[in-house]
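Derivation of every value follows stated rules applied to the coordinates shown; laboratory data play no part. Since the model is a prediction, treat every value here as computed from it, not as a measurement. With ideal geometry, Cβ positions are generated from the backbone for all residues, glycine too; neighbour counts draw on all protein chains shown.
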């Protein structure tokens, strides 16, 4: 019996669409997400979520928005090094980092849209300015930054479509890049600023008057880790290799920033005399210790030891940092404000979060296969190259 | 306008919560989709509630006290400071913290921000609103007291100006040594319009007592007021670097154009093991 070949590539109107078994699964997950999203928008929160008055912000805000924005920080941290500080050698990853950020932000907007109760009113803050709110700043910055990212990405798009626009985009690009470096710094920190007002409700280890700075720094160092994780995925799927020296140096920049983060946290805890909370042995302090050891201390040891010269060393570092930052954001929302533990995300909440990520992966695949993103050329799924005689 | 609650006088008759329901046209009955807690608590159709508290005194005696719970109407409300569309705001005339449903987006940041955990959400509605006590702002404008105060048969609730009520509260405490020497809401988080006096320790009655004397929005303002300047400075700094770079490399010979890579090429495509 002939084995069914699920690896296919279709060319429709000059655009390539690849089909792989994994993509079919992703497509199903994204489809499920779309169904749940429609039900959510039509019926409210009652059937789809487990949110309660005690936990008004659940999985969608904590994972889709807070983690999404942090992990999409790869775009601005790479842009800052390449375009801001002119470290040109990291330019090889700039385009893929930009794409991941753009997709990340679009997913964040989608997640936010699903999470707001009165979604037909989403535009209200544009006209009714609640300027005393940190969320107001976040809302504006994320909106503007997504626009800027889209415009920046037109540098890549106009290489293939609307070619006459390309020279104009190149002309305004330096301005876009600078604006695109201001806004992410503002809202990355402001996402931490959201929690400033909840001081009396939060476990003291996660609250600090410099919480915005912590969020900013952690989004910066998770950026390079995320770029590394993403490059590894691109290598596995598209055979696009990034020089491992460059990858190590890039993650070491992140590592150095992370060391500063650790020192700041230690000084902060000492100054506020909070060491007692660290070793309380309760669920909250244990999760704090786990977050710090797994997400900060172990990665630091890896990246500044000879292990960093091994490929898996850099990769382990990157995954740990990503997990650490995800833990930090989830902890800020859930653990720090834990009361009765009534809330656990429903199946549908997970379905939406997973479906959004799946949709992001699919779009990423289609874009890198049709535009010059990875190593400034179009990529092709390596299975297609091996298993079909398309080329 | 403020309300003083004398906990010693409350008999837990719930006249206030019935009056609240009647005036605000809120339905009775339990919620279907949400788990109901053992203890009576606020929900989106119940803006005020009387909670029964049992206090065991050190002398061995037990006391039952009734505590009215509703929005405290902070002088510097966290919810209004947190609202990014000004749907929650302080009514300038009555100083009540009021809600304008037309402006609400449903982000629920107010619920996260409220230190007293008061706002409730209409989880059963397709287009839900935030709900909480609004101090009957429309009644106040007519010169009436809030519905709950008007309905109180024992005089546990007194309505008036905040300063006047504070003086009164301190006078009561001074006259009767059985009162705890503390007016809850006088200094908590910058002060609230609802003030409580009691003969039992407030922490025993379910009040949070470890609040600071400054409103939580202080931290937000301290941060937000710095942001525009930092952002502007950062932008100028980046622009300066770019400008210098441009000046320096303006006269560099142009790089030889790289050959257009129209042909598909995927590097060493034998090595991948990914499945996506």
Virtual spin-label span in nm between residue A:363 and residue A:129, 7 Å along Cα→Cβ
3.0 nm
Give me the distance in nm between label points sitting 7 Å out from Cα along the Cα-to-Cβ direction at residue A:13 and residue A:147, one decimal.
2.8 nm
Report the equivalent ellipsoid semi-axes for chain A in whole Å, largest first, defined as the square roots of five times the eigenvalues of the gyration tensor built from alpha carbon atoms.
34, 26, 22
Which one of A:126, A:195, A:215 has the biggest mean-square fluctuation once chain A is modelled by GNM with Cα springs under 10 Å?
A:126
Run the paramagnetic zone check for residue B:241: 7 angstrom along Cα to Cβ, then residues of the range A:207-234 with backbone nitrogen under 20 Å.
A:213-228
In nanometres, the difference between 0.36 nm per residue of separation and the alpha-carbon distance of residue A:164 and residue A:298 is 43.2 nm
For chain A, modelled as a GNM with alpha-carbon contacts under 10 angstrom, which of A:316, A:100, A:158 fluctuates the most?
A:158
The range B:143-165 and the range B:50-72 have their Cα centres apart by a whole-number Å value of 21 Å
On full extension of the chain, what length is gained from residue A:246 through residue A:307, given 0.36 nm per residue of separation minus the C-alpha to C-alpha distance?
20.4 nm
Wrap a convex hull around the Cα atoms of the range B:1-142, take a quarter of its surface area, and give that in square nanometres.
10.2 nm²
Name the residue, out of A:23, A:160, A:40, whose mean-square fluctuation peaks in a Gaussian network model built on chain A with Cα pairs under 10 Å.
A:160
Once normalised by the length of chain B, the mean sequence separation of its alpha carbon contacts under 8 Å that are 6 or more apart gives a contact order in percent of 22 percent
Value at 222 nm in deg cm²/dmol, rounded to 500, when DSSP H runs of n ≥ 4 in chain B each add -39,500 (n - 2.57):
-8000 deg cm²/dmol
Measure nothing fancy, just the Cα-based angle from helix A:166-193's long axis to the longest principal axis of chain A, in degrees from 0 to 90, nearest 10.
20 degrees
To the nearest 10 degrees, how steeply does helix A:283-292 sit against the main Cα axis of chain A, on a 0 to 90 scale?
50 degrees
When only C-alpha pairs under 8 Å and at least 6 residues apart count, what is the relative contact order of chain A, in percent?
28 percent
In degrees rounded to 10, the 0-90 angle between helix A:211-238 Cα long axis and the longest Cα principal axis of chain A is 30 degrees
Could you tell me the distance between the Cα centroids of the range A:11-46 and the range A:159-180, to the nearest Å?
31 Å
Diffusion constant of the protein assembly as shown at 37 °C, which comes from Stokes-Einstein with the Kirkwood Cα-pair radius and 0.692 mPa s, µm²/s
119 µm²/s
At a temperature of 20 °C and a viscosity of 1.002 mPa s, determine how fast the range A:1-82 diffuses translationally according to Stokes-Einstein, using the Kirkwood radius over alpha-carbon pairs as Rh; express D in µm²/s, rounded to the nearest whole number.
126 µm²/s
Tail fraction, Cα-Cα pairs, the range B:109-154, threshold 11 Å, whole percent
73 percent
P(r) tail for chain B, what percent of Cα pairs lie past 31 Å?
44 percent
Rounded to the nearest 500, what is chain A's calculated 222 nm mean residue ellipticity when only DSSP H runs of at least 4 contribute -39500 (n - 2.57) each, over all residues?
-20000 deg cm²/dmol
Three-way shape label, the range A:108-165, alpha-carbon gyration tensor, a/c 1.5:
prolate
If each of residue A:173 and residue A:35 carries a label point 7 Å out from its Cα toward its Cβ, how far apart are those two points in nm?
4.4 nm
